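Novice: Input: one structure, supplied below.
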Amino acid sequence: MPLVKPALIVIASCAVAACANNTAPNEFTSRCGYFQLQGDKPLTFTVNSPTEANLDGVICSGSLDAFNDMLARYPEIKKLDIDVIEGSADDEVNLELSKQIHDRKMSTHLNKEGMIASGGVDLYLAGVERSADDAKPRIGVHSWGGADGENGNQIPTTDPIHQMYLSYYRHVDIDPNFYWFTLNAAPATDIHWMSKAEIKRYQVITSK
């Protein structure tokens, strides 16, 4: 069953199918098809210093390659500053990318007036240290949805289909109960904005 955490909003449109040409030597854009993203901006890494990069866009099938391209040129990157990541068009790539972020002991930071939702939250949680500028950061969660329209919370908890996510949360040292929370917080077609109490309960942010 194909799984997806839908992107929250459409913010940009690409004129060509690849949506991937880098416009600057410090910019690394995910190479993903126009129809995969449905017009959304593909995840782009913009290096601001030898140790920091800015992230913006939707995670897609080419995002891991863009990340590796960035590290090939800037191997000392240790902090990822996020503007807006509305979601993921490819959860398997997103989780593999996020595991690599965690294994490289990178930190993640949500910039002022930034936003993470859906698969963007999974990527943010990969940081060994996680911070945010805003006192009330915009962090949105919901269930994944299957191609048949089912939501994750409609699948028995014992079904192996959940293991991809549970294994990921264990890998990045997040309480697996956070996964079940997201499934029940909102259906795939909606979004739940986490309260400060929920953010604290699941230790989404580790420092200010």
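Novice: Among the residues of the stretch 182-202, write down those that are touching a His at 6+ places or on another chain (Cβ under 7 Å) and outside any helix (DSSP H, G or I).
Specialist: Those that are touching a His at 6+ places or on another chain (Cβ under 7 Å) and outside any helix (DSSP H, G or I): ALA186, PRO187, ALA188, ASP190, ILE191, HIS192.
Novice: Sticking with this structure for a sec: On the phi < 0 side of the Ramachandran plot, open to solvent by 60 Å² or more (accessible area, probe 1.4 Å) and at pLDDT 95 or above: does that describe LYS105?
Specialist: In short, no.
Novice: Can I ask one more? Take the residues of the stretch 168-200 that are among the small types (Gly, Ala, Ser) and exposed (fewer than 13 other Cβ atoms within 10 Å of the Cβ): which is farthest from the chain's Cα centre (by Cα)?
Specialist: Ranking the candidates gives ALA197 first.
Novice: Based on this model, can you work out whether GLU92 counts as in a helix (DSSP H, G or I), touching a residue at least 60 places away in the same chain (Cβ under 8 Å) and of a type in the set (Asp, Glu)? Before you say what the answer is, go through the steps one by one.
Specialist: On the way: in a helix (DSSP H, G or I): yes; touching a residue at least 60 places away in the same chain (Cβ under 8 Å): yes; of a type in the set (Asp, Glu): yes.
Spelling it out, GLU92 is indeed in a helix (DSSP H, G or I), touching a residue at least 60 places away in the same chain (Cβ under 8 Å) and of a type in the set (Asp, Glu).
Novice: Now for a different question. Just to be sure, is ASP83 surrounded by fewer than 19 Cβ atoms within 10 Å (Cβ to Cβ), touching a residue at least 24 places away in the same chain (Cβ under 8 Å) and part of a strand (DSSP E or B)?
Specialist: For ASP83, the condition - surrounded by fewer than 19 Cβ atoms within 10 Å (Cβ to Cβ), touching a residue at least 24 places away in the same chain (Cβ under 8 Å) and part of a strand (DSSP E or B) - is met.
Novice: Sort through ILE101, ILE155, ILE85 and tell me the only one that's farther than 24 Å from VAL47 by Cα and in contact with a strand residue (DSSP E or B) (Cβ under 9 Å, 6 or more places away or on another chain).
Specialist: Numbers: ILE101 fails: farther than 24 Å from VAL47 by Cα; ILE85 fails: farther than 24 Å from VAL47 by Cα.
Selected residue: ILE155, the only one of ILE101, ILE155, ILE85 that is farther than 24 Å from VAL47 by Cα and in contact with a strand residue (DSSP E or B) (Cβ under 9 Å, 6 or more places away or on another chain).
Novice: Name every residue in the stretch 50-75 that is open to solvent by less than 10 Å² (accessible area, probe 1.4 Å), closer than 17 Å to VAL121 by Cα and outside any helix (DSSP H, G or I), in order of residue number.
Specialist: LEU55, GLY57, VAL58, ILE59, CYS60
Novice: While we're looking at this one, here's another question. Look through the stretch 1-41, keep the residues that are modelled with pLDDT of 95 or more and either under 15 Å from GLY87 (Cα atoms) or outside any loop (DSSP other than H, G, I, E, B) (or both), and return whichever of them is most open to solvent (accessible area, probe 1.4 Å).
Specialist: The residue in question is GLU27.
Novice: Is it the case that some residue within the stretch 108-124 is surrounded by 14 or more Cβ atoms within 10 Å (Cβ to Cβ), touching an Asp or Glu at 6+ places or on another chain (Cβ under 6 Å) and either assigned to a loop (DSSP other than H, G, I, E, B) or among the aliphatic types (A, V, I, L, M) (or both)?
Specialist: yes
Novice: Can you find even one residue in the stretch 134-147 that is modelled with pLDDT of 95 or more, open to solvent by 30 Å² or more (accessible area, probe 1.4 Å) and part of a strand (DSSP E or B)?
Specialist: Yes.
The values are calculated or read from the model by the stated rules, or taken from the named source; none is laboratory data. This structure is a prediction, so every number in the text was calculated from the model and none was measured. When we count neighbours, we look across all protein chains shown, and the Cβ atoms used for this are built from the backbone with ideal geometry, even at glycine. Quick note on the areas: whole protein, heavy atoms, side chains included, nothing else; ligands and nucleic acids left out. Shrake-Rupley method; radii C 1.70, N 1.55, O 1.52, S 1.80 Å.
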